[in-house]
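See below for the structure under consideration.
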Amino acid sequence: MRRLLPFACGLIPALLAAAPAQKIFPYRYDQHDLSNGLRGITIPTDYPNVVSLFIVVQTGSRNEVEPGKSGFAHLFEHMMFRGTKQTPPEKYEAILKEAGAASNAYTSDDLTAYHTTFSKEDLETMVRIEADRFQNLEYAQNTIKTESLAVLGEYNKNSASPTQKLFEVLRDTAFDQHTYKHTTMGYLKDVQDMPQQYEYSKQFFSRYYRPEYTTIIVAGDVKPAEVRKLVAKYWGDWKRGSHKAEIPAEPVQEGPRSERINWPSPTLPWLAIAFKAPAYSDTLKDVAALDLISYLGFSENSDLYQRLVIQDQKVDYFGADFSNRVDPYLFTALARIKKPEDIKAVENDILATFSGFKDTLVSAQRLAEVKRHLRYSFALRLNNSEAIAGAVARFVALKRTPETINRLYELYEQVTPEDIRDAARKYFVEKGRTIVTLTGGKEK
Ligand SMILES: [Zn+2]
């Protein structure tokens, strides 16, 4: 429960085998805004009985702009299960149990999402109790202490993982000003200070848990008119807020950076090579080109993977992350290396792959295959109402409409081998690069 996704998978591409004219997101959906700024998106699907409800708040660790206040978006993911006067936590759990509903939540850089899947008879109940907790959440000072401890426990548990540390250091090294400098977990000292931040926590809630930041996605065995009526009935009186987060822009990086981590216990070495990369866009070809590069150069089907993992067996984990973000983030290649003495060779191999895209045009045929593959694998994942709502939720956090998925996949179709080369030349530059290595201590 209340899982955190520290490293949400980047490429969420999409489908379309043969006919590019066909939209990748195949469902007709109904999108409407209430006068308070809340947006509702209803997606009737062919899957009977089941309904999946995703509530996306466009607030994540990106919004944590004040020094000493990192980790609050994630803390609220926990606080939101603390109930209201009308529906205390035990009652909330009982209602879910009665409905046979599964409920969960996650926090990332740009969003916090709450989701529930249930049968269609329970639609009104679920819309009602979710509206209640978003509008009437109530907690005492000691509750924040309890939840802070849970969050601290989660921090400590994650800290046992070398990759958590690797990403913490990578972000901290690559960013100076933007809040992507810290992970969604936040800085340890801020997490430790949370029990003292009762007043601030209420301020955070009243800034961001507002209709203009929130989108309700309902997918499944539903009728748009019915959903519109229920959303208006239970969410219509929610008051619009006025806060706008001032997220500092990251200055242009002016030189390569690197950092080494000495892990206190034995572990295989990790290597992260990252370049500054553009924000999510459904109109900028560079974004689509970099998505395609992450597959062409760094997936299991890439030459480099075949060489490092399968043939030479120097590496036992290899991949790239170019996640969609509201603001410019990173394109990162990541490897776990079997022997410390191979780190440098693997680093050179990965850097050569990045450079290769600048020098050599990919074949048009290979590019077409990858586009087909991306469309096909996205389409394949939309195989139940929860998966459909979940895929839409990630894009809603970026552009607040499922239409952006169609635009992104249309953009993939337009990318040429020259676009791939130009994007590589623009972003895979030494001055925008950050390399972090992590090596383990000696066996006792
Ligand atoms: Zn958590």
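The values are calculated or read from the model by the stated rules, or taken from the named source; none is laboratory data. For clarity, every value in this text was computed on a predicted model and none was experimentally measured. All Cβ positions, even for glycine, are placed from backbone atoms using ideal geometry, and neighbour counts span all protein chains on display. Please note that ligands, DNA and RNA were not included when accessible areas were found on the heavy atoms of the full protein model with its side chains. Shrake-Rupley method; radii C 1.70, N 1.55, O 1.52, S 1.80 Å.
Between S299 and Q135, the distance separating the two model label sites (each 7 Å from Cα on the Cα→Cβ line) works out to 4.5 nm.
In this simple spin-label approximation, S161 and E121 carry label points 7 Å from Cα along the Cα→Cβ vector, and these lie 3.9 nm apart.
Once the C-beta distance of T267 and Q192 is scaled by a Förster radius of 25 Å, the resulting FRET efficiency is 0.50 to the nearest 0.05. Residues whose amide H lies under 5 Å from that of R257, counting only those 5 or more places away or on a different chain, are R433, T434, I435; hydrogens are built 1.01 Å from N in the peptide plane.
State in Å² the accessible area per residue of the chain; use a 1.4 Å probe, count heavy atoms of protein chains only, and round to the nearest integer.
Per-residue accessible area for the chain comes out at 43 Å².
Site pair E259 and D46 shows an inter-label distance of 4.9 nm when each label is modelled 7 Å from Cα along Cα→Cβ.
Between T146 and A225, the contour length at 0.36 nm per residue exceeds the Cα-Cα span by 24.3 nm.
Of the accessible area of segment 289-444, with the probe set at 1.4 angstrom, what percent is carbon plus sulfur?
46 percent
Karplus-based coupling profile of segment 293-300, in residue order and whole Hz: 5, 4, 7, 4, x, 9, 8, 4, with θ = phi - 60° in 6.51 cos²θ - 1.76 cosθ + 1.60 and x standing for Gly or Pro. Once both axes come from the Cα atoms, what is the angle between helix 224-235 and the longest principal axis of the chain, in degrees from 0 to 90, rounded to 10? Between the helix axis and the principal axis of the chain, the angle is about 70 degrees. Maximal additional length on extending the E369-K91 stretch stands at 94.9 nm, based on 0.36 nm per residue less the C-alpha distance.
Dipole magnitude of segment 304-355 about its Cα centre, charges +1 at Lys/Arg Cβ and -1 at Asp/Glu Cβ only, in debye to the nearest 20? Intermediate results must be reported in sequence, preceding the final value.
Details: 7 positive and 8 negative charges, 19 e Å.
Using only the charged Cβ atoms, the result is roughly 100 debye.
The relative contact order of the chain, computed from alpha carbon pairs under 8 Å that lie at least 6 residues apart in sequence, is 26 percent.
Rounded to the nearest percent, how much of the accessible area of segment 82-212 (1.4 Å probe, protein heavy atoms only) is carbon and sulfur? Answer for segment 82-212 is 49 percent, counting heavy atoms of protein chains only.
The H on the amide N of S70, modeled in the peptide plane, is under 5 Å from the matching H of Y187, each at least 5 residues off or on a different chain.
Rounded to whole numbers, the Karplus 3J(HN,Hα) couplings from phi for segment 370-381 are 5, 4, 4, 4, 4, 5, 5, 6, 5, 4, 5, 6 Hz, using 6.51 cos²θ - 1.76 cosθ + 1.60 with θ = phi - 60°, and x at Gly and Pro. Ignoring the sites themselves, the chain has its longest run without GluC sites (Glu not before Pro) in a DSSP loop having at most 15 other Cβ atoms within 10 Å at 301-442. Report the residues of segment 348-370 in range of a label on D422: point 7 Å along Cα→C-beta, backbone N strictly under 14 Å from it. Taking a point 7 Å out along Cα→Cβ of D422, no residue of segment 348-370 has its backbone N under 14 Å. Out of P67, Y280, F331, whose Cα points farthest toward the positive end of the dipole of the chain (charges: +1 Lys, Arg; -1 Asp, Glu; placed on Cβ)? Checked the options; the winner is P67. Averaging over all projection directions, the Cα-based convex hull of segment 45-148 occupies 7.4 nm² in the image plane. For the chain, the Cβ-based charge dipole about the Cα centre amounts to some 180 debye (Lys, Arg positive; Asp, Glu negative; other atoms uncharged). Taken about its Cα centre, segment 19-115 carries a charge dipole of roughly 120 debye when the Cβ of each Lys and Arg holds +1 and the Cβ of each Asp and Glu holds -1.
The angle separating the long axis of helix 417-427 from the principal Cα axis of greatest extent in the chain is about 90 degrees.
Of the accessible area of segment 18-80, computed with a 1.4 Å probe over protein heavy atoms only, carbon and sulfur atoms account for 51 percent.
Partners of K223 within straight-line reach, counting lysines whose Cα lies under 23 Å from its Cα and excluding those fewer than 8 residues away in the same chain: K23, K120, K233. The accessible area of K339, taken with all protein chains in place and a 1.4 Å probe, comes to roughly 110 Å². Each of V127, V191, V252 was scored by the projection of its Cα onto the charge dipole of the chain, and the greatest displacement toward the positive side belongs to V191; charges sit on the C-beta of Lys, Arg, Asp and Glu.
With R₀ fixed at 30 Å, the C-beta to C-beta distance from N384 to E98 puts the FRET efficiency at about 0.85. Hydrodynamic estimate: the Kirkwood radius of the chain over Cα pairs, inserted into Stokes-Einstein at 20 °C and 1.002 mPa s, corresponds to D of 93 µm²/s.
With θ taken as phi - 60° and the Karplus curve 6.51 cos²θ - 1.76 cosθ + 1.60 applied, the whole-hertz 3J(HN,Hα) list for segment 62-71 is 4, 7, 7, 8, 7, x, x, 10, 6, x Hz, x standing for glycine and proline.
Adding -39500 (n - 2.57) for every DSSP H run of four residues or longer, then dividing by how many residues the chain holds, sets the calculated 222 nm ellipticity at -13000 deg cm²/dmol.
I need the calculated FRET efficiency for the pair A345 and R28, taking r as the beta carbon distance and R₀ as 60 Å, to the nearest 0.05.
On the way: r = 52 Å, r/R0 = 0.87.
Once rounded, the FRET efficiency stands at 0.70.
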